[in-house]
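In what follows, a structure is listed as structure tokens, so that the remarks can point back to it.
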Amino acid sequence: MPKIAEIEPTPNPNARKFILKEPLSWGIARSYDNAAEAAGDPLASAIFDVEHVTSVFYVDHWITVTQSGKGDWQELLREIAKPIREAPAAQAHSDAVSAADPLDDPALSEENRLKLHRIMDVLDDRVRPYLQQDGGDLNVISFDGKELRVHYQGACGSCPSSLSGTLSGIESLTREIDPDIVVIPV
């Protein structure tokens with residue numbers, strides 16, 4: 001059972017990041033924007049049972065919970081901590097199934113596959129570490145050569161700065177690869 005080492009605020013005032021002593025997963029992120037999406041995940045479902053919770057995101061040794069803004073964090077933290085402490089720690093590195101990799105899309109031309117590979121490298125090196133430090137992440141959904149569709153996860157999902165400042169930064173970085181790329185948050 002994971003023990004909570006720390007609870008940190010995030011740039012999103014409606015999100016908190018729980019740092020754990022034991023992992024919940026091994027490199028596979030789980031992101032849920034509502035209780036229906038979390039139906040097959042006992043931990044996320046139990047957290048959604050807490051009033052005012054609007055999203056749950058976790059990977060490895062941390063979990064980020066976002067609330068509606070109507071709950072009192074002192075009360076919510078106590079309630080959210082219960083299912084986290086009762087959850088089983090990750091057992092093996094090979095248990096999880098990862099999300100679809102946009103690089104595996106058979107419709108991608110070789111030129112667009114190379115561009116996407118460069119984009120993913122830039123995101124991995126220059127964007128994701130900062131988002132993860134703040135309790136969030138970014139998932140690339142698709143790339144058609146001109147439109148890069150991304151999904152913000154965790155604290156970034158409803159944070160005003162991710163939808164303005166971070167998005168602008170990502171667009172600047174991708175335009176260094178191709179000036180015609182438009183980044184679309186979904």
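For segment 15-24, check the following and say yes or no: at least one residue is in contact with a Lys or Arg (Cβ under 6 Å, 6 or more places away or on another chain) and of a type in the set (Lys, Arg). Yes, that holds for at least one residue. All of Glu111, Glu75 fail the test of being touching a residue at least 24 places away in the same chain (Cβ under 8 Å) and exposed (fewer than 14 other Cβ atoms within 10 Å of the Cβ), apart from Glu111. Consider Asp137 carefully, then state whether it is exposed (fewer than 13 other Cβ atoms within 10 Å of the Cβ) and either part of a helix (DSSP H, G or I) or in contact (Cβ under 8 Å) with a residue 24 or more places away in the chain (or both). No, not satisfied.
So, of the residues in segment 98-156 that are among the acidic types (Asp, Glu) and touching a strand residue (DSSP E or B) at 6+ places or on another chain (Cβ under 8 Å), which turns out to be farthest from Thr174 (Cα to Cα)? Ranking the candidates gives Asp134 first. Candidates are the residues of segment 47-71 that are over 13 Å from the mean Cα position of the chain (by Cα) and assigned to a strand (DSSP E or B); the one that is surrounded by the fewest Cβ atoms within 10 Å (Cβ to Cβ) is Thr54. Considering segment 152-184, the residues that are surrounded by 17 or more Cβ atoms within 10 Å (Cβ to Cβ) and in a strand (DSSP E or B) include one that is modelled with the lowest pLDDT, namely Gly154. Does Ala44 count as surrounded by 15 or more Cβ atoms within 10 Å (Cβ to Cβ) and either assigned to a loop (DSSP other than H, G, I, E, B) or in contact (Cβ under 8 Å) with a residue 24 or more places away in the chain (or both)? In short, no. How about segment 20-38: which of its residues are part of a loop (DSSP other than H, G, I, E, B) and either closer than 18 Å to Ala81 by Cβ or among the acidic types (Asp, Glu) (or both)? Residues satisfying the conditions are Lys21, Glu22, Pro23, Leu24, Asp33, Glu37, Ala38. Mind listing just one residue for me: the one in segment 72-109 that is part of a loop (DSSP other than H, G, I, E, B) and among the charged types (D, E, K, R) and, of those, modelled with the lowest pLDDT? That would be Asp95. The set of residues in segment 114-134 being free of Cβ contacts under 8 Å to residues at least 40 places away in the same chain, surrounded by fewer than 16 Cβ atoms within 10 Å (Cβ to Cβ) and more than 16 Å from Pro102 (Cβ to Cβ) consists of Asp125, Pro129, Tyr130, Gln133.
The values are calculated or read from the model by the stated rules, or taken from the named source; none is laboratory data. Everything numeric in this text was worked out from a predicted model, so none of it was measured. When we count neighbours, we look across all protein chains shown, and the Cβ atoms used for this are built from the backbone with ideal geometry, even at glycine.
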